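The structure appears right after this line, and notes come after that.
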Amino acid sequence: MGFFDFTNALLRKPATSVTDGLRDGDHDGPAYDDVAREHAAYAGALRELGLEVEVLPPLESFPDSIFVEDPALVFGEGAILLNPGAPTRAGEVAEIAPELERRFERVLTLAEGHVDGGDILTTPDEVLIGLSARTDADGAKALIAALAVLGLSGRVVTTPPGVLHFKTGCGLIDEETVAVIAELDDQEMFGSLRRVVIPANEAAAANLLRVRGTVLIGEGFPKARELVEALGVKTQALPVSEIGKIDAGLSCMSLRWQAA
Ligand code: CIR
């Protein structure tokens, strides 16, 4: 099976408290109905692409729990429970743990530190871990140790200042190409991956998500779509303007894996 040929996705329905999700800046939060609509469109797109999509019940005590990517990292080989850096999100780990234990033979934990899944980019060769305001050096070290147990290798990189998560600014287009914002246009960081730079006025499109043969990309970013399609990759635009109000994009609303 190919690198992007996911078979399963785990999502969590937004709670009505999502309107109080963490956000940078002094602007209004999203409207619940609009978040629910964007979430449903996302789940529908994954189903149409052929994935078995399971949606966990909402958690009112955790406004950001719709973003299941942050408390855990999953692979065909097993799952790793992370430890999100925002105190209001720490409890999401205990909520997702039993769900992963039901679905994965091996579920590892971090020995120390903090890591948000949004700071992790899994490439065909290695797992990149972006240090950020949410992911610290102790967490990165513990994650590298957990990855090694699964036979995977991790490497530490840096999320640019002012960018919430590493993957806020990048996403894989295909096995050899990564979309990046200008601040991440760095050959050393991405090794042999070719970089496609997303223009600054469409920076939010960099958090794109390749699923099977399609790149899912935020709606309203024509130039970014054109850059992806120029590589011969099909795109599908999805609405993300409401979840964008709480600093989220496409990768963060699911955990995806290839069943063995
Ligand atoms: C947070 O600040 O944690 C949420 N409001 C947004 C999390 C987005 N997660 C992600 O990009 N992986």
Determine whether Thr177 is open to solvent by 40 Å² or more (accessible area, probe 1.4 Å), of a type in the set (S, T, N, Q) and in contact (Cβ under 8 Å) with a residue 12 or more places away in the chain.
-> no
Ser65 passes all but one of (1) open to solvent by less than 10 Å² (accessible area, probe 1.4 Å); (2) more than 16 Å from the ligand (Cβ to nearest atom); which number fails?
-> (2)
Residue count for region 71-98, restricted to those that are open to solvent by 30 Å² or more (accessible area, probe 1.4 Å), in a helix (DSSP H, G or I) and either away from the ligand (no atom under 11 Å from the Cβ) or free of Cβ contacts under 8 Å to residues at least 12 places away in the same chain (or both) | 4
Criterion violated by Lys167 - all others in (1) in contact (Cβ under 8 Å) with a residue 40 or more places away in the chain; (2) within 16 Å of the ligand (Cβ to nearest atom); (3) assigned to a loop (DSSP other than H, G, I, E, B) satisfied | (3)
(1) open to solvent by less than 10 Å² (accessible area, probe 1.4 Å); (2) more than 27 Å from Ala140 (Cα to Cα); (3) within 15 Å of the ligand (Cβ to nearest atom): which one isn't true of Leu59, the others all being true?
-> (1)
Single residue of region 128-149 satisfying the filter (closer than 20 Å to Val107 by Cβ and without any contact (Cβ under 8 Å) to a residue 40 or more places away in the chain) that is surrounded by the most Cβ atoms within 10 Å (Cβ to Cβ) = Ile129
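It is to be established whether one or more residues within region 12-34 are within 11 Å of the ligand (Cβ to nearest atom), surrounded by fewer than 20 Cβ atoms within 10 Å (Cβ to Cβ) and hydrophobic (A, V, I, L, M, F, W, C).
yes
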Qualifying positions in region 213-247 - touching a Ser or Thr at 6+ places or on another chain (Cβ under 9 Å) and within 16 Å of the ligand (Cβ to nearest atom) | Leu216, Ile217, Gly218, Ile246, Asp247
Considering Arg210, Arg256, which residue is within 27 Å of Val107 (Cβ to Cβ), part of a strand (DSSP E or B), open to solvent by less than 60 Å² (accessible area, probe 1.4 Å) and more than 15 Å from the ligand (Cβ to nearest atom)?
-> Arg210
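The values are calculated or read from the model by the stated rules, or taken from the named source; none is laboratory data. Just so it is clear, the structure is predicted and the values come from calculations on it, not from any experiment. Ideal geometry is used to build each Cβ from the backbone, glycine not excepted, and the neighbour counts take in all protein chains shown. Surface accessibility is based on the protein's heavy atoms, side chains included, excluding ligands, DNA and RNA. Shrake-Rupley method; radii C 1.70, N 1.55, O 1.52, S 1.80 Å.
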